[in-house]
Structure formats: structure tokens, C-alpha cells
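The values are calculated or read from the model by the stated rules, or taken from the named source; none is laboratory data. For clarity, every value in this text was computed on a predicted model and none was experimentally measured. Here Cβ is always computed from backbone atoms with ideal geometry, including for glycine, and neighbour counts include all displayed protein chains. Note: areas computed on protein heavy atoms with side chains; ligands, DNA, RNA excluded. Shrake-Rupley method; radii C 1.70, N 1.55, O 1.52, S 1.80 Å.
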Amino acid sequence: ICPGRVIGKLLCSGEKEVDLAVQSAKAAFKIWSQMSGMERSRVLLEAARIIREQREEIATLETINNGKSIFEARVDIDISWQCLEYYAGLAGSLAGEHIQLPGGTFGYTRREPLGVCVGIGAWNYPFQIACWKSAPALACGNAMVFKPSPFTPVSVVRLAEIFTEAGVPKGLFNVVQGGAATGQFLCHHPDVAKISFTGSVPTGIKVMEMAAKGIKPVTLEMGGKSPLIIFSDCAFENAVNGALMANFLSQGEVCCNGTRVFVERKILDAFTKEVVKRTQKIKIGDPLLEDTRMGALINQPHLDRVQGFIKQAKEQGAQVLCGGDLYVPDDPKLKNGYYMRPCVLGNCKDDMTCVKEEIFGPVMSILPFDTEEEVVERANNTKFGLAGGVFTRDIQKAHRVVAALKAGMCFINNYNLSPVELPFGGYKASGFGRENGRAAIEYYSQLKTVCVEMGDVESVF
């Protein structure tokens, strides 16, 4: 793999191509929505089987597509086929309810698909996000037009091929390529019923504004600046592992990362020392090598942005305890790669830019605290609310703290697990709606109420 090299060129989809994709999906929807849940289930299970069998090939494609390590890409692909299997299991059980009313009258509800849904993906988990959005959408009987990030356009095309091989009607899952203009055409299209977006807050706001004009429901999964709270009574080694997992997966390019690491002052020095030692040992380099644990950042502008945050942190008084500089691998093929050493910042204060803004790179900010009440207040002092984590042996304290955190996804004595059975989504500026779990069914279906009269209508006129 040679970072910085062009591996292919794709044409952006204009208004005409977007309309063709939507009309194709609309035609496929008529067929798919009339199939039983069990019939849809079998197709999704077949797609999951294909992904599972081609795990290595797809993971390699994703590594080339994104720059993350092959080790992590394999995990992404496993989560992807598990997601399809999970919603295949739910597809046959989707149902309304029967309500008995007085005098033999009764009512019932029907859970019906929305129609053509749009998925707009991010570049950090291209294949996985496409599965997270398409699996519940298709299980509920919808069609989907998906736009991947222009920085990672490749692997989602393979997913479209897999769905076709598995037996979905032609056009049920369509891929369009492009940037903001393509996204605007999708959001404004009159035949689009719903939009599910993963990405930055500014773009999410624009998506919501465009959807509002067509009164289209939206799911927004956006940024975060999540708190990770380390109490002195934690299992020390486990907490160190958790902090590394919360900051350095996928080169730190993870929306729910726990990048504000609050450490109880009693263990601040020991914890910081161990985290720095472990961070310095992270193997950086060719993401296709088995022992690589950190690959390249997505592109040069993003690398420059992350470096700018570190420069500003130093200017504001933070101390770079390790990393933060560019990394040039020994392999000459990798010399133009967008690599940097993972960074740990000490002497951080709550009002520093590095603590307030989402960096979306391998940068951990460590902040001391003294009391539970203090750290909860500081943890919630953010416009974001995607995730949060607590490390402590005191289980009552753990549950008390996560109950007080204003965040949609909380972790106790672990971090960055994403089982498809559990809903995922945020509070506040991190968005609303949920991916995964049974909760996602609510966002890809609509409820119809039917009232049935068994006798004569009594007129008041």
C-alpha cells in the first residue's frame, strides 16, 4: 500500500444520476416492501454469509480505502456481517399490536416501511457505517441510496455488489458518489422519504435544514468530545487499556472517542506515566502488515488540521508528553504517507481548545480531578453528548456516574465496544436517532393505526 497515491478515479453523481438512483430504488421498493419479513431475512442472511466468507478480501479493500490497520479492518467487517445477521433475525418478527376496544370494536397497528431512504456515510468506518444504515432499512422493507464520503468511495460499491449477489431486487441498494453537491441533491429529492447521516456537526445541521424543507425524518450521528473518567479505585491496567482504546483506534478518527481523560489526582502521575509508556510503543506503519496498530490519517488536509490543534495546545499551555510529530516510516514506499505519532497532552485545562473541540486524530488530553461531583459537572460541560466512560471497582459509583452523564452511549470498565445489539447515538449536538439495536427499527419504519367498527356507526347528527 502506497499512501498518497491515486488508486482510482470516480465520477461525481450529478442531479441526473441521483434521480436515476432514486427512481431505480423506488421501483425496487415496490417489490421488496411486498415481500414477507422471512423472505427479506433470507436475503440479508445470504449477504451476511458472503461478507463473512470474503472477510479478508473486504478488509484489505477497506484498509486501502481508509488507511486503518488490517487488524482493525477485520473487526469492522465482522461487525458488518453481524449487523446484517442481527436485522435478518428481526425482519421476520416486525409486527404491530392488537387493541381491544368497547363493544367488540378493535384497533390494530401496522409497522410499515418509509420508502426510499438515503444513507450518507463518513470516511472513518466506510463499510461498517453502510451496513449499520442499510441492514435495518432493508429489514423494515425500505430501499436505500447510499453516498459514501468522497475520501473513501470504494468499499461501499462492493457492498452493493454483495446485496445484488444475495438476491435483493435490482436497484434496492444504490450507491452514488460525490461530495456536498451530491448530498444536497439527495436531501432535496422529492421521492426520498428519510435521511440518515453520519459526519460532522456543521454538515449535519445543513442536512437537517434541507430535510426540514421536505418534512423528511432524519437520523444524525455526529461528533463528540467524550469524557473518560478514571477513578483511583479502578483496575489500573484495565483503565490504561481503556484509555488507549478510547483514543487511538483508527488513528483517533472515531466520533465517540473518550478524548477528555479525567484522572483522579491520587493516581494522576502513575496513570500518565503508564499511558505515555504504552503510547510510545504503538506500532505505526504499513496498515497491511499484521503487527501494525496505527495506520495513516485520511488525507493531508486532515493531518495538517490535527497538527494545528497540537500546536495551539502548546501555545495555550498544554505539555506534549509524547508524540504529536510527523512519522516517516523506514519503507520508502510509505514516505509520502499521512502518518503521525500518537500524542498525549498533559497540563490540560477545561477551557483549552484541545479539550473543547473535536480533534478527530490520535490526541489524548489528560485532566486531573478531585471529587465525583466535580468531574461529573466538568464532563457534562460540553456541547457534545455522544459517549462517556467510567473506570472504577465501585459498581454503585459507576452506575451513579453514567446516570448523571449527558451522553447517549456510556461504558463502564471498557470503551469503544460497538455490539450491534445495542443502540448507538448521541445527545445534544452529537445528534439524535439511533443506529443498531431494536431502536433503529423505529427510525426506519412508520406506524399506521387502524380502527375497526364491528357494529353500526352511531351518528350524533
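Taking the Cα atoms of region 126-165 alone, what are Rg (to one decimal) and Dmax (as a whole number) in Å?
9.9, 30
If you roll a 1.4 Å probe over region 77-231 with all protein chains in place, what percent of the accessible area is carbon or sulfur?
59
Could you give the size of the charge dipole of region 1-87 about its Cα centre, using +1 on the Cβ of each K and R and -1 on the Cβ of each D and E, expressed in debye and rounded to the nearest 20?
160
Hey, how many Å between the Cα centroid of region 396-442 and the Cα centroid of region 302-369?
Region 396-442 and region 302-369 have Cα centres separated by 27 Å.
Can you tell me the dipole magnitude for the chain around its Cα centre, using point charges on the Cβ only (Lys, Arg +1; Asp, Glu -1), in Debye to the nearest 20?
660
Please determine, in degrees from 0 to 90 and to the nearest 10, the orientation of helix 268-280 with respect to the longest principal axis defined by the Cα atoms of the chain, where the helix direction is its Cα long axis.
80
Write down the Å³ per residue value for the convex hull defined by the alpha carbon atoms of the chain.
Measuring per residue, one finds 170 Å³ for the Cα hull of the chain.
Counting only protein heavy atoms, what percent of the accessible surface of region 302-355 is carbon or sulfur at a 1.4 Å probe?
47
If I take every Cα pair under 8 Å that is 6 or more residues apart in the chain, average their sequence separation and divide by the length, what percent do I get for the relative contact order?
Computed value for the chain: 19 percent relative contact order.
Quick check for you: with a 1.4 Å probe and neighbouring chains kept, what is the accessible area per residue of region 74-226, in Å²?
33
Tell me, what does the Kirkwood hydrodynamic radius of region 304-366 come to in angstroms if you use every pair of distinct C-alpha atoms?
12.1
Give, as a single signed number, the net charge of other residues whose beta carbon lies under 14 Å from the beta carbon of PHE197, with Lys and Arg counted +1 and Asp and Glu -1.
Every neighbour counted, the sum reads +3.
Do you know the relative contact order of region 227-412, to the nearest whole percent, from alpha carbon pairs under 8 angstrom that are 6+ apart?
Relative contact order comes out at 28 percent.
Using the beta-carbon distance between ASP325 and LEU417 and R0 = 45 Å, what value does 1/(1 + (r/R0)^6) give for FRET efficiency, to the nearest 0.05?
0.90
Any chance you could give the angle, 0 to 90 degrees and rounded to 10, that helix 395-404 forms with the longest Cα principal axis of the chain?
Roughly 70 degrees, rounded to the nearest 10.
Rolling a 1.4 angstrom probe over the protein heavy atoms, how many square angstrom per residue are accessible across region 227-412?
The answer is 42 Å² per residue.
Lys and Arg at +1, Asp and Glu at -1: add these up for the other residues within a Cβ distance under 13 Å of THR449 and post the number.
Residues near THR449 contribute +1 overall.
For region 132-266, how many pairs of lysine residues have a Cα-Cα distance under 29 Å, where the two are 8 or more positions apart or belong to different chains?
Within region 132-266, the lysine pair count is 23.
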